[in-house]
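Novice: The following block contains the structure, expressed as structure tokens.
What follows is calculated from the coordinates using simple rules that are stated; it is not laboratory data. Every value quoted in this text rests on a predicted model; they were computed, and no experiment measured them. Glycine also receives a Cβ, built like all others from the backbone with ideal geometry; neighbour counts cover every protein chain displayed.
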């Protein structure tokens, strides 16, 4: 029996190792003195130093963070109150609007990118941060909707009703009762949206203007036209940030239960 | 009283107004424009001529573009098969772990899942490049004599695709297998079914929604992930995704790009529709 239970664990271990292999290698090579990834030139922090001196890279990071924050907050507001409305109301076009709002994560990203580029040119919206935020918000909303919807199923509708019966206004009942109850879902949905926005390259490439570069776009162009090991250092830093974010989100998730 | 009720209702309406307006303008609008655009034609020098033509759709039927669709399908298909073979057992075994280990595995899966997809691909460049980590390992072990030159090949693209999309399958299968009633399997075994038969008739059937949703979550994106083919395949492999991108940027034939997108969208929507028909569910399993 013992052997039988061990075999699956070995399998899980092997696949996990393969999943982490590229990431671990990047972190190791971020400390490599040599510019070549095929040679080990000794331990060095020079790529970290160069990374922080790289103006363009810093600008791209700044843009990405602004973009992720804006689209995350915007989609959290629209998505959260939208989910509450969808749960409480019944109207003819409800199914249609739910379906439509989910489309951005149901179709291949390339279509969304193409469609936005054509549409923004059609309505004469100059490409840049604004178009990026709009595009990212559309694919962030579904994550918030899904999370909040799932959470709303679990909470007692009568609580908000009771608050209203006791004289609280609709708005007051929302902020005092419903919102605190769904807050964990809003936060984990936002975190997911934030990660998705921060990582997006396909849609961003289409909707960004010549002046605004986001981090994934910068990495993508570097990967196509020659990589400097700065990227490795950047990856290592992003990894630390990601692990931090995940630890925070599991904390939030734990509170939920 | 009547009035009072009405006023309350109208306030609730406000909660979905932003979602409604935003979605209609920025999801509905662009999609309608895409369909309209696909029936227009491109101007001689620059821009679009607003006439009605099916030229863009007939153009897709030209052998060279049919070939692109076939190649994309082949790659998406191979990717999905490989991911199923690797991911299904993973999700299944994971669901059998102790609660504590389940949580740990979940976090371990989430970390690469959330790190930049591009960055992870770069790790594969380090591994696969000529005289890279893999070549050094194989040559060190005297398995191969010279570099394999795996980077910029079909194999490299396939590895990149499988690697990037595997977590979707794992999470889908896992969420299905987690809900599995293990006593049913025991019952089948007690009643004399063989291991294999139990798997086919009980386990597989009950985890089918997760498996199918994993198939969709890997197949649909893999039709459009042009950057993996671009980075690991070095422009040698042309997919529908890269074709659309080319038409939008270099080719400047937006109506044709729109027609390609419409066809791609119909194909993917059809898959999701079939999934819903087969499993009788509205939402995909395990997206979260």
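Novice: Counting pairwise Cα distances across segment B:65-142, what percent come out greater than 21 angstrom?
Specialist: So the portion of pairs separated by more than 21 Å is 59 percent.
Novice: Using only Cα atoms, find the angle between the long axis of helix A:94-106 and the longest principal axis of chain A, and express it within 0 to 90 degrees, rounded to the nearest 10.
Specialist: Relative to chain A, helix A:94-106 is tipped by roughly 0 degrees.
Novice: With a/c under 1.5 counting as rounded, go ahead and sort segment B:202-285 into rounded, prolate or oblate using the C-alpha gyration tensor (a ≥ b ≥ c being the square roots of the eigenvalues; past the cut-off, prolate if a/b is larger than b/c, else oblate).
Specialist: oblate
Novice: Which percent of Cα-Cα pairs in segment A:39-256 sits in each 5 Å bin, short to long?
Specialist: 1, 6, 12, 15, 16, 14, 11, 9, 7, 4, 2, 1, 1, 0, 0
Novice: Based on the alpha-carbon set only, what is the convex hull volume of segment A:1-155 divided per residue, in Å³?
Specialist: Cα-based convex hull of segment A:1-155, divided per residue, equals 240 Å³.
Novice: For segment A:190-257, go through all pairs of different Cα atoms, get the mean of 1/r, take its inverse, and jot down that Kirkwood value in Å.
Specialist: 13.9 Å is the Kirkwood radius here.
Novice: To one decimal place, what Kirkwood hydrodynamic radius in Å is obtained for segment B:173-243 from all pairs of distinct Cα atoms?
Specialist: 14.7
Novice: With the crude spin-label approximation of a point 7 Å out along Cα→Cβ, what separation in nm comes out for residue A:65 versus residue B:191?
Specialist: Placing both labels 7 Å beyond Cα along the Cβ direction yields 6.0 nm.
Novice: Which three numbers, in whole Å and largest first, are the semi-axes of the equivalent ellipsoid of segment A:89-141 derived from its Cα gyration tensor as √(5λ)?
Specialist: 24, 13, 10
Novice: What average number of partner chain Cβ atoms lie no more than 10 Å from the Cβ of the residues making up B:263-275?
Specialist: 2
Novice: Continuing with the same structure: When all C-alpha to C-alpha distances in the protein assembly as shown are sorted into bins of 10 Å, what percent of pairs does each bin hold, rounded to whole numbers?
Specialist: Percent of pairs per bin, in order: 3, 16, 26, 27, 18, 8, 2, 0, 0.
Novice: Would you mind getting the Kirkwood hydrodynamic radius of chain B from its Cα pairs, rounded to one decimal in Å?
Specialist: With all distinct Cα pairs of chain B included, I get 22.5 Å.
Novice: I've got another one for you. Counting residues in segment B:110-253 as N, plug N into 2.2 N^0.38 Å and put the Cα Rg over that result.
Specialist: Relative to the rule-of-thumb radius for its length, segment B:110-253 sits at 1.42.
Novice: Also: Could you please rank B:254, A:40, placing first whichever residue has the fewest other Cβ atoms within 10 Å of its Cβ?
Specialist: In order of increasing Cβ crowding within 10 Å: A:40, B:254.
Novice: Can you sort B:249, B:268 from fewest to most other Cβ atoms within 10 Å of each residue's own Cβ?
Specialist: B:249, B:268
Novice: If we count other beta carbons within 10 Å of each Cβ, what is the order of A:208, A:138, fewest first?
Specialist: Ascending Cβ contact count within 10 Å gives the list A:208, A:138.
Novice: Rounded to the nearest Å, what's the spacing between the alpha carbon centres of segment A:14-44 and segment B:76-112? Just the number, please.
Specialist: Segment A:14-44 and segment B:76-112 have Cα centres separated by 24 Å.
Novice: Let me ask something else. Provide, for q = 0.15, 0.18 Å⁻¹, the log10 of I(q)/I(0) from a solvent-free Debye sum over equal Cα point scatterers in segment A:149-212.
Specialist: -0.62, -0.72
Novice: Report relative contact order for chain B in percent, whole number only (criteria: Cα-Cα under 8 Å, sequence separation at least 6).
Specialist: Reported as a whole number, the value is 26 percent.
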